[in-house]
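Since the structure comes first, as structure tokens, the remarks are kept for the end.
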Amino acid sequence: MKKILYLSAVSIVLLSCSNSAKKENIDDLISSKNVKALNEKKAALQAEITKIENALAILDVKKEEALVTVQAVKDTVFSHYLDIQGSVDTKENILIQPEFSGTLTSLTVKAGDHVSKGQILGRVDDGGISQQLANAENQYTLAKTTFERQKNLWDKKIGSEIQYLQAQTQMISAQKGVAQIKAQLSKTVIRAPFSGSIDEVFVEKGQVVAPSPQGLMRIVNLSNMYVSTSVPETYIGKLKVGDLVDVYLTSLVKTYKGKVRQVGNFINPNNRSFGIEVALPNPDNLLRPNQVAKLKIVDYTNKNALVVPTNVVQEDGQGNKFIYIVEGSNGKTGMAKKAIVTVGKSSDNVTEVLNGLSAKDIIVTEGVNAISEGMKLNF
């Protein structure tokens, strides 16, 4: 169609020129070798042809149609997240070591047992310390009796002051000796440092034990869990204690709501980051130390944002971001129009639009790659 119109237009131009041949015949110009006049004639004809082509570009618009999916733009709350990976841990996860070397005379727990803080887990042979305690207690009892008698006499002004003071000193010394031996004897008793579960026991009753890298047993408390990770230093001031965090456990395919409980004050010079800890609830007792977690930390929120699916935002040859909107919609059809937009942050497959759209606009969400401006849209 366009070619036919083009040839017709050229013919009209040429016919017009032939009509004016009387004034200025092209053949005569060629015969006379009038180069200047020929160039002027050529420029005039080219100007006419350009005018015709411009008119055709406007009039000869393709009336193609496309089936698309559309949706209305709405105000909504938009949040941008910092996505980082962390590791689940607990402060109460330790190897229990014996404070006293000797034979393990009793072992009262096994793997899987739940224990309370202070509960006796086992005993180590005291090597005669209990007998030393009995002797020290007898000496203390005698020293205390002697002191009490000296005190009664001294209260009645009988005897010398030096005798009273000596008896008092001997009683105090014997009392301290008893306390010291009791403290030493208490180290032969193995107690739970906190409430938790015995994860594994590494020794048997009757075995000679001493402090070692392996320890006697591992005790873990799963009620005080947290996630530790490192955050880029650019987020200093954006994170604070109490901020809510979505924590996704890949092994459990489950998301937990956590809170930032600690923000580090030291920047690691190797990776320019600082550490944070996020406290996690563990109501189902499914969390375990060293589980891999993915954290989504909110670092930006707009309560009245215009958001669109990220895939509808396109870019033209000049680097402008644009979105196709529906113009003249009657609920079933409309015309495609290119809207130049300014976009903000993107998160969860949606992008915030800062300028170029209004809450009343209808955007094309599917089929954007098969349409062009001015095309009729069916939806």
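Just so it is clear, none of the values below were taken in a lab; they were calculated from the coordinates. Given the structure is predicted, the values throughout are model-derived calculations rather than measurements. Heads up, the Cβs are rebuilt from the backbone with ideal geometry, glycines too, and the neighbour counts pull from every protein chain shown.
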Degrees, to the nearest 10: 161-186 long Cα axis against longest axis of the chain: 50
Most fluctuating residue given options Leu286, Leu216, Leu107, as computed from a GNM of the chain linking Cα atoms under 10 Å: Leu286
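Kirkwood Rh over Cα pairs of the stretch 64-147 into Stokes-Einstein at 4 °C, 1.567 mPa s: D in µm²/s?
Details: Rh = 21.3 Å.
Reported coefficient: 61 µm²/s.
Determine how many Å³ per residue the convex hull of the Cα atoms of the stretch 108-210 encloses. Spell out each step's value before the answer.
Numbers: hull volume 12.1 nm³, N = 103.
Dividing the Cα hull volume of the stretch 108-210 by its residues yields 117 Å³.
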For the stretch 91-167 versus the stretch 277-292, the gap between their alpha-carbon centres in whole angstrom: 41
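Taking 25 Å as R0, compute the FRET efficiency from the Cβ-Cβ separation of Ser101 and Thr141 and round it to 0.05.
On the way: r = 31 Å, r/R0 = 1.24.
Efficiency, rounded to the nearest 0.05: 0.20.
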Relative contact order (%) - criterion: Cα under 8 Å, at least six apart; region: the chain: 24
Qualifying aspartates and glutamates (Cα of each under 18 Å from Cα of Lys51; at least 8 residues distant if same chain): Glu40, Asp60
Cα centroid separation - the stretch 297-318 against the stretch 183-207, whole Å: 58
Selection from Val298, Leu249, Val263 lying farthest towards where the dipole of the chain points positive, charges on Cβ: Val263
Violating pairs (Cα-Cα greater than 25 angstrom) within the set Lys110/Lys254; Lys321/Lys345; Lys176/Lys205; Lys91/Lys187; Lys110/Lys182: Lys110/Lys254; Lys176/Lys205; Lys110/Lys182
Cβ-placed point charges (K, R +1; D, E -1), dipole of the chain about Cα centre in debye, nearest 20: 540
Charge dipole of the chain about the Cα centre (unit charges at C-beta), most positive-ward option of Ile94, Gly177, Ser31: Gly177
The chain: angle of helix 2-19 to the longest principal axis, Cα-based, in degrees nearest 10: 40
Proximal aspartates and glutamates relative to Lys117, as straight alpha-carbon distance under 15 Å, when same-chain residues fewer than 8 apart are discounted: Glu92
Radius 15 Å from Cβ of Thr301, net charge of other residues (Lys, Arg +1; Asp, Glu -1): -1
The chain: most fluctuating residue of Glu366, Glu53, Glu65 per GNM, C-alpha cutoff 10 Å: Glu53
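Is the chain best put as rounded, prolate or oblate by its Cα gyration tensor, with a ≥ b ≥ c the root eigenvalues, rounded for a/c under 1.5, and otherwise prolate when a/b is larger than b/c, oblate when not? Present the calculation step by step, with values, prior to reporting the outcome.
On the way: a/c = 4.90, a/b = 4.34, b/c = 1.13.
Because a/c hits 1.5 or more and a/b exceeds b/c, the chain counts as prolate.
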Partners for Lys36 among lysines (Cα-Cα distance below 19 Å; same-chain residues under 8 apart left out): Lys22, Lys23
q = 0.16 Å⁻¹, the stretch 178-311: log10 I(q)/I(0) [Debye, one scatterer per Cα]: -0.99
Among Gln168, Val209, Trp154 the positive-end extreme of the charge dipole of the stretch 108-210 (Cβ point charges): Trp154
